[in-house]
Every structure is written in structure tokens, then in C-alpha cells.
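The values are calculated or read from the model by the stated rules, or taken from the named source; none is laboratory data. This structure is a prediction, so every number in the text was calculated from the model and none was measured. As a convention, Cβ positions derive from the backbone with ideal geometry for all residues, glycine included, and neighbour counts pool all protein chains shown. Side chains are part of the model used for accessible areas, which takes the heavy atoms of the whole protein and leaves out ligands, DNA and RNA. Shrake-Rupley method; radii C 1.70, N 1.55, O 1.52, S 1.80 Å.
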Amino acid sequence: MGFVYQEVRMLSHRGKPQSIEITVQPHGGIRGRCSQCQRPAPGYDRLRERRWLFVPLWGIPTYYLYAPRRVECASHGVVVEHIPWSDGKRRMTCAMMGFLARWARRLSWRETALVFQTSWEAVYRSVEWSYKRGCQAKTLLP
């Protein structure tokens, strides 16, 4: 919510697809949200464009491209906006981390990394993220 896909393009080399890039823009009428309290806040400026690894489509590495806004929160001052597909400063989307963690249950972490063209450490961090998220959800249950 609050974002729109601006452009989707496939980059190729010698006719072979190399990656898919999805450029994301903020929705014109919706303010950014503070990354600390998630309340809407007025814009301050924009940072340089960043890339987040998304779940591969048809076996092709896929990336979200977005230049995050900084917002001026009344409670927290100037902060980078909340980015719903990301967790903190990670370069991987939450969807990709969940995807890798799920596959790591069936394959070894090394095999998962090879199949999805990423590093062993990325698989490890995804499993760790998934575990911590599961523990947090467990403590929230009545």
C-alpha cells in the first residue's frame, strides 16, 4: 500500500535473460510512514536508488528498485520511510527471505544457495530471520 510499479524491464545479454528489474515509486497521494512508529509523516528528501532481491521469476533473478524517501516524524525526527517489502537495511525482500528459508527446509543451505543463485550466508540470514519472526509471533499469541 502506498507504492506503485512504474516500470518492469528485463535485462539480457546475447539474448539470454540476466535479470528482471521492477522500478517502484511512491503513490502520489500517500505520505511516507516513519520506519519507527509507522505513522504517516511529511516528506523530507530522497535517498539514492537501492536494489532489493525479490523471488526469482522463471528462474531469473528479480530486483525491486526504489529511491527511499526520508520523512520528518514528529516523534522520531528525520528517518528513512518504512519500506513494506524490506526489513531494516537488508538487501533482500521479506518475500525472498521467506522463500529461501522455506526451501532451506527441503534442501541443504548450500544447495539452496546454488539453485537460487545466492550465497550460503544469504540463506543462513534468511533462516535466522524466519526463526526470529516465528518466535516473535509465538510470543504474541494468547
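Every test in (1) part of a loop (DSSP other than H, G, I, E, B); (2) touching a strand residue (DSSP E or B) at 6+ places or on another chain (Cβ under 8 Å); (3) not β-branched (V, I, T) is passed by S126 save one, and that test is (1). Tell me the residue from I22, I60, I30 that is touching a strand residue (DSSP E or B) at 6+ places or on another chain (Cβ under 7 Å), modelled with pLDDT under 95 and of a type in the set (A, V, I, L, M), please. None of the others qualify; the one that does is I60.
Screening C73 with (1) open to solvent by less than 50 Å² (accessible area, probe 1.4 Å); (2) touching a residue at least 60 places away in the same chain (Cβ under 8 Å) gives one miss only, at (2). For the condition under 24 Å from A122 (Cα atoms) and either of a type in the set (D, E) or in contact (Cβ under 8 Å) with a residue 60 or more places away in the chain (or both), L53 qualifies.
Does region 16-28 contain at least one residue that is surrounded by 12 or more Cβ atoms within 10 Å (Cβ to Cβ), of a type in the set (D, E, K, R) and over 26 Å from T118 (Cβ atoms)? Checked against the condition, which is being surrounded by 12 or more Cβ atoms within 10 Å (Cβ to Cβ), of a type in the set (D, E, K, R) and over 26 Å from T118 (Cβ atoms), region 16-28 yields no hits at all. Against the list (1) of a type outside the set (A, V, I, L, M, F, W, C); (2) at pLDDT below 95; (3) assigned to a helix (DSSP H, G or I); (4) in contact with a helix residue (DSSP H, G or I) (Cβ under 9 Å, 6 or more places away or on another chain), the condition K132 fails is (4). The single condition from (1) closer than 21 Å to H27 by Cβ; (2) surrounded by 14 or more Cβ atoms within 10 Å (Cβ to Cβ) that L100 fails is (1).
Return a yes/no flag: does region 40-57 have any residue that is of a type in the set (K, R), under 26 Å from L11 (Cα atoms) and either open to solvent by less than 50 Å² (accessible area, probe 1.4 Å) or touching a Leu at 6+ places or on another chain (Cβ under 8 Å) (or both).
Checked region 40-57: at least one residue is of a type in the set (K, R), under 26 Å from L11 (Cα atoms) and either open to solvent by less than 50 Å² (accessible area, probe 1.4 Å) or touching a Leu at 6+ places or on another chain (Cβ under 8 Å) (or both).
As a summary of the residue check, V79 satisfies the conditions (1) open to solvent by less than 50 Å² (accessible area, probe 1.4 Å); (2) hydrophobic (A, V, I, L, M, F, W, C); (3) within 21 Å of K132 (Cβ to Cβ) except for the one numbered (3). Screening G88 with (1) open to solvent by 50 Å² or more (accessible area, probe 1.4 Å); (2) more than 25 Å from R133 (Cα to Cα); (3) free of Cβ contacts under 8 Å to residues at least 24 places away in the same chain gives one miss only, at (2).
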